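The values are calculated or read from the model by the stated rules, or taken from the named source; none is laboratory data. Only a predicted model underlies this, so the values are computations on that prediction, with no experimental measurement involved. Quick reminder, even Gly has a Cβ in these numbers, built from the backbone with ideal geometry, and neighbours come from all protein chains shown.
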Amino acid sequence: MGKSRPKSKALLESVKFDAHGLVPAVVQDMNTREVLMVAYMNEEAFLKTLETGFTHFYSRSRKKLWKKGESSGHTQEVSEIRIDCDGDCLLVLAKQNVAACHTGYLSCFYRRMDSNEETWVEEGNRVFDPNKVYTC
């Protein structure tokens, strides 16, 4: 993606944002196709993602735009964006730098329901300890 990517009005007009001006964006690893996370984009986040080539989202709790990795450095470089048949959901294929999840796991989907459906079992790859301070 990157700065040479056009910010097409036609592209933006094909996205069906909900009543709050948001569209869900599923982020998938470009190589493994593992689902890394789900977040929401508003028009500004979508355009910023197209402009920079890095994922940007809208935080519903903080009510502001944020770049994935702005505090952790765990950015997502966008390789492709797809839209679903209804135009109301985006699929972002990206190169994940370190981890997508703030808990230290590569993917936010690191827990599965156990066989008796009474607990969640952690699995997956924790690639960093969120409680440890890292220095360069």
Segment 63-84, residues that are among the hydroxyl-bearing types (Ser, Thr, Tyr) and touching a residue at least 12 places away in the same chain (Cβ under 8 Å): Ser72, Thr75, Ser79
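Do we have Leu22 as buried (at least 16 other Cβ atoms within 10 Å of the Cβ), modelled with pLDDT under 95, under 18 Å from the mean Cα position of the chain (by Cα) and not charged (D, E, K, R) here?
Here the answer is no, as Leu22 does not meet what is asked.
If I filter segment 125-134 for residues that are free of Cβ contacts under 8 Å to residues at least 60 places away in the same chain, more than 20 Å from Gln28 (Cβ to Cβ) and in a strand (DSSP E or B), do I get at least one hit?
No - not one qualifying residue is present in segment 125-134.
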Arg126 being under 16 Å from Val38 (Cβ atoms), at pLDDT below 95 and surrounded by 13 or more Cβ atoms within 10 Å (Cβ to Cβ): no
Residue, surrounded by the most Cβ atoms within 10 Å (Cβ to Cβ), within segment 47-75, restricted to residues that are over 17 Å from Lys95 (Cα atoms) and within 12 Å of the chain's Cα centre (by Cα): Tyr58
Enumeration of residues in segment 47-57 that are free of Cβ contacts under 8 Å to residues at least 40 places away in the same chain and closer than 17 Å to Ala10 by Cα: Lys48
